[in-house]
Amino acid sequence: MSNYHIKHLEEYYQVYRKSVRNPESFWEEIAEEHFLWRKKWDNVLSWDFKKPEVKWFEGAKLNITENCIDRHLATRGDKTAILFEPNDPNEGAEHITYKQLYHRVNQFANVLKEQGVKKGDRVCIYVPMIPELAISVLACARIGAIHSVVFAGFSSTALSTRINDSDCKLVITADGSYRGSKTIDLKGIVDEALESCNGVETVLVAKRINSNISMKEGRDTWLQPLLDEASNQCKAEIMDAEDPLFILYTSGSTGKPKGMVHTTAGYMVYTAYTFKNAFQYKENDLYWCTADIGWITGHSYIVYGPLANGATTVLFEGVPSYPDFGRFWDIVDKHKVNQFYTAPTAIRALAKQGVELVEKYDLSSLKVLGSVGEPINEEAWHWYNDNVGKNKSPIIDSWWQTETGGIMITPIPYVTPTKPTYATLPFIGIQPCLMDENGVELKGNQVDGRLCIKFPWPSIARTIWGNHQRYKDTYFSTYENMYFTGDGALRDEVGYYRITGRVDDVIIVSGHNLGTAPIEDAINEHPAVAESAIVGFPHDVKGSALYGYITLKDVGESRNHDNLRKEINQLISDRIGPISKLEKIQFTQGLPKTRSGKIMRRILRKIAEKDTSNLGDTSTLLNPECVQDIMDNVL
Ligand code: WTA
């Protein structure tokens, strides 16, 4: 039992050693003792990073919703499973108990079945942060349909690309969503997206903002009347351990988004186990993760991890700034939140507002603070620690990825001494290493390299939907027999890890991974644009922001440049979503290129960062003269 809940540092080291010396028996013990299986596995693990192929708990049968809901009914039926905090605080919170969740998920599952959804079918969920989002995710899992949640801030083009990539036949959405004082016409975005999605037969629409929307005859149906008619009992589909549970898209450095595929048993075991330990969750704690379920953080640590532990998980519809910048602290105070998990970009935005808005509220319920999504800078770390945690709630700076499914490197609160900007030690079962550019492992401490993982863990993504070769090329081809994360990291004198940032062309803006290629593609669609290159530069709230270097077709383009900037950002917003808008746009005569025609982003990045002391030898470029011009006109 003790392996399931680590309580002090010595125990961490003991359990860690056990977990890496004999991973199979370690994870088998965790799986045996803490989950509900319809049939146990024949084999704990088989793997081959060359193929690559990873299988955990092969032969086992289960349904993840029986683990997240059914098995809690006897002991926690009247306990709140989901605590919904609406955008407008005056609307009042809604407590959904485990019993109610059970009924609502079953009703939803029956509706999906009536609409012809079967095991293995893909369902796209484009729903704001309302209870229907979590419920639809669980309803898919109940019947073995593969959910593909698309963040409801993405544009219609981004949505249709994702729907088509995984051939979704049904889309779940809402009439609209609230975002602070604004409303967003979600259904309109879906209608636009579906103009280019022939495979979608059905759209189920939840009512949230009561807007006047158009419903397409034969395709669109209001959800609530169907739910009202449906039975609240639905037998769980019995799944194989390695059956896909969901697809979640993440940006790559090139090309279209990657549909990461997560499977059932390993994902369940790892997210539940990490939730319990990384947050030191105890029965009756109140847990809140501020992420959106549209991202992996929401999948693993709003829905599956907390519910698998029978926890109460807060689902917050709104934004940190509405009705004012004290909203997060108001919610912590009102519901007596014990574990609070957010992103550095939110912390930086709130830190700008002054401490009065924090001090107004009683935050004494907080026991653990979390950070995720991007490196947390020292200043933000201290602000969080001093003003929110009052120097008594440890901050877990947790590093992980959509691809890893769960937290990989993190302090365990009250166990691992924290250090600002350090994600510290590998989680139980995780074997990180640092590699140099020539593929040699950097041993010992005080080294700096590329972060890889040597051995599979239960929740590693198994493939990219429809493109296994790309999965292999992206993650398993850079270094032999290793999973390559795409991040750089250093290991300090005591073995703590600090993540230093992406080593590829992914830029993290406000915690969102943005690939440069799709943004450049959108910009290049503008008729006046010849070519473009995007880089990241430091931003005090967003962490990084986007800097675009754009060459126009007609260099003497006489049009007003500010209008052109607006048009380009509008195009990006339409094609990808507002999160990808450029902070700065510099029009250039040319872009620095190698002789083989590759744009030298390294140089552009340095110029955008205003660090031109070390540009390297630019004389070998195809067009060295443009560098000076770019430097002279930098914004
Ligand atoms: C970055 C989010 C530094 C990293 C769970 C990673 C971090 C990418 C941290 C994955 C952290 C995430 N410190 N960097 N604590 N957490 N990252 O897929 O570059 O949205 O590769 O998953 O975010 O982002 P994703």
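Residues of the stretch 306-344 with an amide N closer than 18 Å to a point placed 7 Å from the Cα of Ser364 along the Cα-to-Cβ direction: 329-339. Globularity index of the chain is 0.95 (Cα radius of gyration / 2.2 N^0.38 Å, N = number of residues). Full extension of the segment from Lys235 to Met215, taken as 0.36 nm per residue of separation minus the current Cα-Cα distance, would add 4.1 nm. Taking the Cα centre of the stretch 506-633 as reference, the dipole from Cβ charges on Lys and Arg (+1) and Asp and Glu (-1) amounts to some 280 debye. Within the P(r) computed for the stretch 210-306, what percentage of the Cα pairs occupies the region above 23 Å? In whole percent, the share of Cα-Cα pairs in the stretch 210-306 beyond 23 Å is 54. For the stretch 69-189, the Kirkwood estimate of the hydrodynamic radius, built from every pair of different alpha carbons, is 15.4 Å.
Take the Cα radius of gyration of the stretch 292-440 and divide it by 2.2 N^0.38 Å, N being the number of residues; the result is 1.08. Students often get this wrong: which residues of the stretch 468-503 have the backbone nitrogen under 16 Å from the point 7 angstrom along Cα-to-C-beta of Lys50? Flagged as within label range: 472-473, 476-483. Taking 0.36 nm per residue of sequence separation and removing the Cα-Cα distance, the Asn445/Glu114 pair yields an extension gain of 113.3 nm.
Quickly rank 464-477, 38-51, 61-74 as a protection proxy: mean count of other C-beta atoms within 10 Å, highest first. Show your work: numbers first, answer last.
Values: 464-477: 17.6, 38-51: 14.4, 61-74: 21.1.
Packing proxy ranking, top to bottom: 61-74, 464-477, 38-51.
In this structure the amide hydrogen of Leu442, modeled in the peptide plane, comes within under 5 Å of the amide hydrogens of Leu434, Met435, Asp436, none closer than 5 places in sequence on its chain.
Ordering Ala141, Ile585, Ala517 by Cα displacement along the dipole of the chain toward the positive end leaves Ala141 in first place; charges were set at the Cβ atoms of Lys, Arg (+1) and Asp, Glu (-1). Centroid-to-centroid, using Cα positions, the stretch 486-522 and the stretch 205-251 are 34 Å apart. Amide H contacts of Thr263 (H built 1.01 Å from N, in plane; Pro and chain starts excluded): Leu245, Arg462 sit under 5 Å, all sequence-distant by 5 or more or on other chains. Could you tell me the distance between the Cα centroids of the stretch 353-395 and the stretch 271-304, to the nearest Å? With the stretch 353-395 and the stretch 271-304 each reduced to a Cα centre, they are spaced 18 Å. Reducing the stretch 59-121 and the stretch 311-327 to their Cα centroids gives an inter-centroid distance of 21 Å. Dimensions of the stretch 439-551 based on its C-alpha atoms, expressed as ranges along the principal axes with the largest first, amount to 52, 38, 25 Å. Projected onto its three principal axes, the C-alpha set of the stretch 258-321 covers 34, 31, 16 Å, listed from the longest axis down.
Simple spin-label estimate for Ser196 and Asn22 gives 5.5 nm between the two label positions (7 Å along the Cα-to-Cβ direction from each Cα). When you work out D = kT/(6 pi eta Rh) for the stretch 385-451 at 20 °C and 1.002 mPa s, using the Kirkwood radius from C-alpha pairs as Rh and the Stokes-Einstein form, the result is 158 µm²/s. Using a simple spin-label model with points 7 Å from Cα along the Cα→Cβ vector, what separation in nm is obtained for Asn438 and Glu525? Placing both labels 7 Å along Cα→Cβ, they lie 4.5 nm apart.
Applying a length cut-off of 20 Å (Cα extent along the axis) and a mean Kyte-Doolittle floor of -1.0 to the DSSP H helices of the chain leaves 98-114. By the Kirkwood approach, averaging reciprocal distances over each pair of separate Cα atoms, the stretch 506-633 gets a hydrodynamic radius of 15.0 Å. The alpha carbon radius of gyration of the stretch 340-381, expressed as a multiple of 2.2 N^0.38 Å, is 1.20. Placing a pseudo-label 7 Å from each Cα along the Cα-to-Cβ vector at Ala74 and Thr618 gives an inter-label distance of 7.2 nm. For Ile396, the amide hydrogen comes within under 5 Å of the amide hydrogens of Leu369, Gly370, Ser371, counting only partners 5 or more places away or on other chains and with H modelled in the peptide plane. Of the Cα atoms belonging to the stretch 110-171, the radius of gyration and Dmax stand at 11.2, 30 Å. Across the accessible surface of the chain, with the other protein chains kept in place and a 1.4 Å probe, carbon and sulfur atoms take up 46 percent.
Accessible surface for the chain, divided over its residues, is 38 Å² per residue with a 1.4 Å probe. Counted residue by residue at 0.36 nm each, then reduced by the alpha carbon distance between them, the extension gain from Asn481 to Glu94 reaches 134.5 nm.
The values are calculated or read from the model by the stated rules, or taken from the named source; none is laboratory data. Bear in mind the structure is a predicted one, so any value in this text is a computation, not a measurement. Glycine gets a Cβ as well: all are built from the backbone with ideal geometry, and neighbour counts include every protein chain shown. These area figures cover heavy atoms from the full protein model, side chains too; ligands, DNA and RNA do not enter into them. Shrake-Rupley method; radii C 1.70, N 1.55, O 1.52, S 1.80 Å.
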